[in-house]
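K.L.:
Before I ask anything, here is the structure I am working with.
The values are calculated or read from the model by the stated rules, or taken from the named source; none is laboratory data. Just so it is clear, the structure is predicted and the values come from calculations on it, not from any experiment. Backbone-built Cβ (ideal geometry, glycine too); neighbour counts: all protein chains shown. We work out accessible area using only protein heavy atoms, side chains counted, and drop any ligands, DNA or RNA first. Shrake-Rupley method; radii C 1.70, N 1.55, O 1.52, S 1.80 Å.
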Amino acid sequence: MKSVAIFGGTFNPIHFGHLSIAEEIRTKFNLDKIIFVPTNQPPHKDQSDLVSARQRWLMTHLATVSNPCFEVSTFEIDNGGKSYSIDTIKHFHKHFGDKVKLHFIIGADMLVEIASWKNIGEILKLCRFIVVSRPGYDVQKIFDQYFLASKNMTIASELIGNILVEDVAMFDISSTTIRQKIKEWKSIKYLVPEPVEQFIHNQQLYL
Ligand code: ATP
Ligand code: MG
C-alpha cells in the first residue's frame, strides 16, 4: 500500500456528496484506500439532531461496503468523548508509518477551521490536506486569505504546498438539508444510498 486518505465527518447522515468526493479523489490521486472516520462527538457542533455514533457508523458502513477501496474506522468512536481530527491524523500516521503517503480530505467549509489549529504546521508534516470545492464556498479565496495572505501564519512555505485545493464535481447536498427534508416528510431519495434511506426510515431517525 502506498497512499491512503482519511475522510473524517459527522456523517449525520452520510450522503452522495461525501461518496462522490471520496471516489473522485481516490481515482485522481490513485489512492489505495479511503478511510471514512465517523466522529464520536464533533468538537463544535449543535448536538440536537445528532443520532448515535453507532447509528452513524452503521449508515457509513452501509454506504461504503460495496466499494472495496472504502473502509470505515471506529477510531474516534472507540476513543469516546469529543473528536479532534488532529488526534486521528496522528493515530493513522503512527499506524501506517512513513512509507505510506497520508492524506486528509476536507470540504471547503472546513478550511477556515484547520487554519485555526495551533499545531497545523506540525500536522502538515504528517499528511497532505486535500480541500475539495463545495457549493457556496470560494475555496481558492479562503485558501489565499487564510494561508497565503495572513501575516501571522507560522507555517513554513514548503508546508503550505501540502494543502492541495481540488476542483471536484459539486453536489449541493448537506446532512443538514437531508435532516430538514426528513422533518418535513420530504423525499431523500437519490441524496443518500438506498440502504441508508431504508435504515433512516426503519429507525425513524431525524423526525
Ligand atoms: P452537516 O450539514 O451536518 O455539517 P455535512 O454535509 O457538512 O453535514 P459532514 O459530516 O459535516 O457533512 O462533512 C464531512 C466532510 O465532508 C467535511 O469535510 C465537509 O466539508 C465535507 N462535505 C460534506 N458534504 C460536502 C459536499 N456536498 N461538497 C463538498 N464537501 C462536502
Ligand atoms: Mg458539515
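K.L.:
Answer yes if at least one residue in the range 133-140 is open to solvent by 90 Å² or more (accessible area, probe 1.4 Å) and closer than 26 Å to Leu31 by Cα, and no otherwise. Write out each step before concluding.
P.N.:
Residues of the range 133-140 open to solvent by 90 Å² or more (accessible area, probe 1.4 Å): 137.
Those left that are additionally closer than 26 Å to Leu31 by Cα: 137.
Checked the range 133-140: at least one residue is open to solvent by 90 Å² or more (accessible area, probe 1.4 Å) and closer than 26 Å to Leu31 by Cα.
K.L.:
I need a count of the residues in the range 156-207 that are farther than 17 Å from Val131 by Cα, of a type in the set (A, V, I, L, M) and more than 16 Å from ligand 2 (Cβ to nearest atom).
P.N.:
Residues that pass the stated criteria total 7.
K.L.:
Among the residues of the range 192-207, write down those that are more than 17 Å from the chain's Cα centre (by Cα) and either more than 20 Å from Phe11 (Cβ to Cβ) or open to solvent by less than 40 Å² (accessible area, probe 1.4 Å) (or both). It would help to see each step written out before you state the result.
P.N.:
Going residue by residue through the range 192-207, those that are more than 17 Å from the chain's Cα centre (by Cα) are 193-207.
Residues satisfying the conditions are Pro193, Val196, Glu197, Phe199, Ile200, Leu205, Tyr206.
K.L.:
Moving to a separate point now. Here is a list of conditions, (1) touching a residue at least 24 places away in the same chain (Cβ under 8 Å); (2) of a type in the set (Gly, Ala, Ser); (3) closer than 24 Å to Leu191 by Cα, and Ser52 meets all of them except one; can you say which number that is?
P.N.:
Failed condition: (1).
K.L.:
Name the residues in the range 53-77 that are open to solvent by less than 30 Å² (accessible area, probe 1.4 Å) and of a type in the set (Asp, Glu), would you?
P.N.:
Listed by number, the list holds a single entry, Glu76.
K.L.:
So, one more: What number goes with the only condition from (1) touching a helix residue (DSSP H, G or I) at 6+ places or on another chain (Cβ under 6 Å); (2) in contact (Cβ under 8 Å) with a residue 60 or more places away in the chain; (3) within 16 Å of ligand 2 (Cβ to nearest atom) that Cys127 does not pass?
P.N.:
(3)
K.L.:
Quick check on Phe16: is it more than 16 Å from ligand 2 (Cβ to nearest atom) and open to solvent by 10 Å² or more (accessible area, probe 1.4 Å)? So that I can check it myself, show each step before the final result.
P.N.:
Numbers: more than 16 Å from ligand 2 (Cβ to nearest atom): no; open to solvent by 10 Å² or more (accessible area, probe 1.4 Å): yes.
For Phe16, the condition - more than 16 Å from ligand 2 (Cβ to nearest atom) and open to solvent by 10 Å² or more (accessible area, probe 1.4 Å) - is not met.
K.L.:
Which members of the range 141-171 meet the condition of being assigned to a loop (DSSP other than H, G, I, E, B), surrounded by 14 or more Cβ atoms within 10 Å (Cβ to Cβ) and at pLDDT 90 or above? Step through it out loud before you land on a result.
P.N.:
Of all residues in the range 141-171, those assigned to a loop (DSSP other than H, G, I, E, B) come to 149-156, 161-162, 167-171.
Okay, now just the ones that are also surrounded by 14 or more Cβ atoms within 10 Å (Cβ to Cβ), so 153, 155, 162, 168, 170-171.
Within the range 141-171, Asn162, Val168, Met170, Phe171 meet the criteria.
K.L.:
Here's a follow-up. Suppose we filter the range 75-121 for residues that are more than 16 Å from ligand 1 (Cβ to nearest atom) and part of a loop (DSSP other than H, G, I, E, B); how many remain?
P.N.:
Of the residues in the range 75-121, 8 are more than 16 Å from ligand 1 (Cβ to nearest atom) and part of a loop (DSSP other than H, G, I, E, B).
K.L.:
Evaluate the range 109-117: report whether one residue or more is over 18 Å from the mean Cα position of the chain (by Cα) and either open to solvent by 20 Å² or more (accessible area, probe 1.4 Å) or free of Cβ contacts under 8 Å to residues at least 12 places away in the same chain (or both). Spell out how you get there, then give the answer.
P.N.:
Narrowing the range 109-117 to residues over 18 Å from the mean Cα position of the chain (by Cα): none.
No, the range 109-117 contains no residue that is over 18 Å from the mean Cα position of the chain (by Cα) and either open to solvent by 20 Å² or more (accessible area, probe 1.4 Å) or free of Cβ contacts under 8 Å to residues at least 12 places away in the same chain (or both).
K.L.:
Inspect the range 27-42 for any residue being away from ligand 1 (no atom under 11 Å from the Cβ), surrounded by 15 or more Cβ atoms within 10 Å (Cβ to Cβ), more than 12 Å from the chain's Cα centre (by Cα) and within 22 Å of Asp172 (Cα to Cα) and give the result as yes or no. I'd like the intermediate steps shown before the answer.
P.N.:
Kept after step one, since they are away from ligand 1 (no atom under 11 Å from the Cβ), are these residues of the range 27-42: 27-35, 40-41.
Filter once more, keeping what is surrounded by 15 or more Cβ atoms within 10 Å (Cβ to Cβ): 29, 31, 33-35, 40-41.
Now drop any that are not more than 12 Å from the chain's Cα centre (by Cα), which leaves 29, 31, 33, 40-41.
Then keep just the ones that are within 22 Å of Asp172 (Cα to Cα); that gives none.
No: zero hits.
K.L.:
Taking the condition in a helix (DSSP H, G or I), farther than 24 Å from Glu122 by Cβ, free of Cβ contacts under 8 Å to residues at least 40 places away in the same chain and not acidic (Asp, Glu), does Thr60 pass?
P.N.:
Details: in a helix (DSSP H, G or I): yes; farther than 24 Å from Glu122 by Cβ: yes; free of Cβ contacts under 8 Å to residues at least 40 places away in the same chain: no; not acidic (Asp, Glu): yes.
Judged against the criteria, Thr60 is not a match.
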